[in-house]
Structure formats: structure tokens, C-alpha cells
Amino acid sequence: MKNSTPNTTIYDPTCGSGSLLLKVADEAERKITIYGQEKESATAGLARMNMVLHDCPTAEIACTGNSTLSDPQFKNDNDQLRQFDFVVANPPFSSKNWLNGIKFKEDGISEDFDRFNGFGIPPAKNGDYAFLLHIIRSLKSKGKAAVILPHGVLFRGNAEAEIRKNLIDKGYIKGIIGLPTNLFYGTGIPACLILIDKENAANRKAIYMMDASKGFMKDGPKNRLRDQDIHKIVDFYNRMDESDTTFARIVPITEIISKDYNLNIPRYIDSQVADDLHDIDAHLNGGIPQSDIEMLSDYWFVYPTLKKTLYMEL
């Protein structure tokens with residue numbers, strides 16, 4: 001995190017033991033101001049202890065026993081949501097009771113913190129977009145967020161399709177990174193990282209998409225991202241690299257609109273490994289197929305005499 005100061009704020013509305021907040025603090029050039037909210041009191045106590053142990057004693061960790069959606073603790077003088085420079089979150093996937101305690105106004109869309117106006121109300125039995133809209137409402141005008149959500153947010157229909165359309169039209173989504181399956185404890189389903197950036201959102205003409213689902217190692221019953229996998233993801237994203245279009249590419253909004261605002265990554269990135277082609281004649285009669293030799297053309301270009309030295313035409 002470049003150009004950070006003690007006035008730079010980071011917030012996690014579902015902070016758990018605080019690991020995401022501490023990771024961001026470690027990456028910051030200077031000390032930053034940390035805020036988090038956690039529903040479970042024992043976990044919130046663990047988060048506070050972690051903050052002290054990791055030299056972040058001024059971090060504020062709030063806990064009321066209620067969901068952040070129904071009882072957010074960080075508010076401004078107007079009793080609206082406080083806004084932050086950065087937000088990171090790994091909310092509970094597909095919460096079935098996110099509506100508990102939320103009060104709507106007479107129009108049926110606005111509620112106490114005005115999170116759904118202009119977007120739509122998420123389905124009652126699926127709270128993924130409720131958390132995402134809370135996070136967007138909690139960002140400053142140039143704020144940025146990284147949110148881990150299940151892949152379903154990219155393509156599910158009905159109310160979620162309308163919310164997704166409105167988010168894309170507003171230009172809030174800057175990037176989408178597909179992650180490996182079985183990465184998180186408590187679920188084996190594939191997840192994605194949604195990267196939100198309000199800065200220059202109105203002028204955003206594309207979304208950077210990445211399929212990072214194949215870079216991992218087995219670690220007991222779970223999968224784990226290796227340092228090299230994380231480095232590749234960060235390096236490609238920071239440079240908006242398109243050198244390997246089977247891994248990542250910049251997808252124009254016009255292309256996304258033409259596909260009905262569906263953000264399912266395989267629609268835009270073909271990461272399938274090409275099948276091996278077999279030369280039946282070579283299998284039966286011996287020799288090396290000409291097609292296999294031609295696949296090494298990069299080497300023949302660098303070493304012009306090597307091909308003739310190694311191979312003899314039959």
C-alpha cells in the first residue's frame with residue numbers, strides 16, 4: 001500500500017480474528033488506522049489480542065453480537081455509515097439470514113444506511129451482494145476494496161443479475177480474480193476476488209479478469225496458494241498484463257454487455273490446456289512427427305543450425 005499515512009483507514013466488516021487487516025497493515029509503508037467488526041464476541045476478543053501482539057494496539061474492533069449488516073458500529077455524525085480508504089473482507093458465503101434486523105423505509109428499497117438504492121435488494125436467502133453493497137457504501141469517493149465471494153455472484157440471475165448490471169454500469173468493478181477450489185476452511189466451493197475501485201469509476205471502460213484457479217499446491221485436506229502463485233497474481237494485476245490471455249485479459253464493458261452482464265470468467269478467458277495431437281503414422285512406423293518439430297520453432301529461430309544437427313529427414 002503506497003503513500004499510506006496514519007490517517008489512511010482500512011476496514012473489515014467481517015473481520016474474524018483480524019488476519020486480513022493485519023496482512024494489509026504489514027503491506028503498508030507506514031502505520032495505518034484499522035477498524036473491524038465481528039459478530040462473535042470470542043472471535044472479536046481474539047482479533048483485539050492479535051492487534052496488540054502485531055503492534056497495532058490502536059485498532060478498533062467492534063462487537064455487539066449482531067451482524068454488521070443490521071447493526072454496523074462505525075458511523076458518522078449523521079448516523080450514516082462511516083467511509084474508509086480501503087476495505088478488505090471475506091464475508092460468510094451466501095448468508096441465508098442477512099435480512100434479520102434490517103428495517104426498510106416506505107419505498108421498500110431504502111433502509112437505514114441507504115445501501116441498496118440504485119442497485120437493488122439482494123435475494124432474501126443469499127446475502128453475498130448485501131455484504132458487497134455494504135462495503136461499497138463504506139468506501140470513500142476514491143476508496144478501494146477487495147472482497148472474497150463465491151463464484152455465483154458472477155453469473156446468478158434474477159435480483160442478483162440486476163445488481164450486477166448496476167455495479168458494472170457504475171464502473172465500480174475494476175477486477176475479478178478466479179481462485180482455486182477448496183481454498184477456504186468451511187467450504188470447498190470455488191471463490192473469486194472482486195476488486196472494487198471508486199476512483200474514476202464513471203470513466204471505466206473495461207474489467208480486468210484473471211483465471212488463477214490452477215496455481216496452487218495441496219496442503220493436507222485443503223489447497224493453498226504458494227508464494228509464486230501470489231506473486232504472479234499481484235504482478236499481473238498491478239501491470240494489467242495481457243501477455244498470457246489464457247490467464248488474464250482486459251475485457252471491454254461492451255463485450256460484457258453483449259453477454260448480458262454475465263461475468264463468469266470462462267466466458268472471457270479460455271484457460272483449457274490444448275489436447276495432445278497424435279500422429280498415427282509416427283506411432284505405427286516410427287520417427288518424429290513433423291508437427292512436433294515445428295512446435296519447437298522458437299528454438300530453431302535462436303539456434304538456426306540446431307534443427308539440422310538433431311534431426312534427419314526420412
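Only the coordinates and a few stated rules stand behind these numbers; no lab work does. Computed from a predicted structure; not experimentally measured. Glycine gets a Cβ as well: all are built from the backbone with ideal geometry, and neighbour counts include every protein chain shown.
Here the Gaussian network model covers the chain, with springs between Cα atoms less than 10 Å apart; of 146, 159, 248, 159 fluctuates the most. Label positions at residue 27 and residue 78, each projected 7 Å from the Cα along the C-beta direction, are separated by 3.1 nm. Normalising the average separation of contacting C-alpha pairs (under 8 angstrom, six or more residues apart) by the number of residues puts the relative contact order of the chain at 11 percent.
The residue among 59, 113, 102 whose Cα reaches farthest toward the positive pole of the charge dipole of the range 1-128, with charges on the beta-carbon of Lys, Arg, Asp and Glu, is 59. Computed from the alpha carbon atoms alone, the convex hull of the chain holds 198 Å³ per residue. Taking Cα pairs under 8 Å and at least six residues apart, what relative contact order does the range 129-268 come out at, in percent? Relative CO of the range 129-268 lands at 25 percent. Where does the chain land at 222 nm, in deg cm²/dmol rounded to the nearest 500, when only DSSP H runs of n ≥ 4 count, each adding -39500 (n - 2.57), divided by all residues? One gets -7500 deg cm²/dmol as the mean residue ellipticity at 222 nm.
Report note on the peptides 86-94, 2-10, 178-186: ranked by the mean count of other C-beta atoms within 10 Å, highest first, their order is 86-94, 178-186, 2-10. Short-range pairs are left out: with C-alpha atoms under 8 Å and at least six residues apart, the relative contact order of the range 76-183 is 32 percent.
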